[in-house]
Amino acid sequence: MKGNSLTMLAVGDIILELPQGEFYLARVASVLQSGDVVVGQGEIVFTSRGIDTFPEFFPSPGCPPSNIGALASAGFNVITLAGNHTWDRGATGVEDSITGLKKHGIAVTGAGMNIDEARKPAIVERNGTKFGFLNYNCVGVKGQWATKGKPGCAYVHIIAHYEMNGSDPGGPPEVYTFAEPGSLQAMEDDIKKLRPLCDILSVAFHMGILHSPDIAMYDRQISHAAVDAGADIVIGHHAHYLKGVEMYKGKPIYHGLGQFVPAAKGLTEAQSKEMRSLDGPRISLGYNHQKDPEQYRTIIAKCIIEGGKISQVGYIPCLINSQKQPDVLINDEQGQQAFDFMDKITKEAGLNTNYEWKGNEIVICK
């Protein structure tokens, strides 16, 4: 909706690894184009150059740079790049992605040729309302991080502590995760610097437990810290699985938007076997509908802004089809299944959010 009322849309991980990226966005393009500000997570870099920097961690090959045009045509005008694949193609991958996105008029945050660039916000203005975006990676190897002299991503360093609690050696521990204070403070400082420069401030985190609706301890810590520092909305991605929505101090936290355009190629059988051995039986790589159909659920986060403030929060339910295209759902039997799933995982996570249908979209009850 244009004019005095503005619409911000956000989606999770986008992997346009094959040519003709327009195909994968074709069924949602009209919805995305209706937004005034549309943000998505670039899961892998856009480059045809570079080398495998982390061969032991299944590095991504990079998306064809020509697919950046598909993002622009579909309506995206902001792409966040902080993630666990930012450095997969080395410096050229970071450079080509930022340069290519900006050439197509798409603002970028979360990655840079050094840490200062990676922490620099993206700011876009619509009808006098300014939207500010920051983005941090919380997962993956430290080699993905930018430093003063190395390209990469902005980050919040997450520490994991494993407590045996009297269990036998080798038994299942209690897992505690929390942000390292220095990097958490740096994130909070970035938000406080951006706050006076925009009306709507969004912080995106590449975070969370893979292939699960569970919300990790640190997810809540850093999300609440972002709101406390001045964020109006928090967006989570990385888990390739939906997670619940939380309202904290009146601000929406989308703990996980799910994958939006999944990998078309998937992993080899050998890679899938090794990843399953690392992550346990819950993981379902290769994106097989029969193995775990719920991983194909995704949402488009939707916020209505009026007078420089968020007046309505909700989401548009989607389901990724067998061609790896997200399909928009409506208020029918299939749409109700999506509603029920989000309601279930939200309640199981102990979050305080209730949903209701408003036409063919789902809004958060006040």
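Just so you know, all these numbers are worked out from the coordinates, no wet-lab data involved. Computed from a predicted structure; not experimentally measured. Backbone-built Cβ (ideal geometry, glycine too); neighbour counts: all protein chains shown.
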Only helical DSSP H runs with n ≥ 4 go in: add -39500 (n - 2.57) per run for the chain, normalise by residue count and round the 222 nm mean residue ellipticity to 500 deg cm²/dmol. -7000 deg cm²/dmol
In what sequence, highest mean first, do 179-188, 352-361 appear when ranked by Cβ atoms within 10 angstrom? 179-188, 352-361
Calculate log10 I(q)/I(0) of the chain for q = 0.12 Å⁻¹, where I(q) comes from the Debye formula with a single equal point scatterer on each Cα and nothing for solvent. -0.84
Gain in length, residue 180 to residue 116, computed as 0.36 nm per residue apart minus the alpha-carbon separation, to one decimal in nm? 21.2 nm
Wrap a convex hull around the Cα atoms of region 1-49, take a quarter of its surface area, and give that in square nanometres. 4.0
I'd like the projected area of region 291-362, averaged over all directions, using the convex hull of its alpha carbons. Report it in nm² with one decimal. 6.0
Sorting 61, 233, 328 by the position of each Cα along the dipole of the chain (Lys, Arg +1; Asp, Glu -1; all at Cβ), the one nearest the positive end of that ordering is 233
In region 316-334, whose amide N lies under 11 Å from the spot 7 Å out along Cα-to-Cβ of residue 27? List them in ranges. 318-329
Over the alpha-carbon set of region 23-156, work out the extent along each principal axis and list the three values in angstrom, largest first. 42, 31, 24
Of 42, 83, 250, the most mobile residue in a GNM of the chain (C-alpha springs, cutoff 10 Å) is 250
Please give, to one decimal in nm, the separation of the simple spin-label points placed at residue 365 and residue 312, each 7 Å out from Cα toward the Cβ. 1.7
Contact order relative to length for the chain, counting C-alpha pairs under 8 Å separated by 6 or more residues, stands in percent at 15
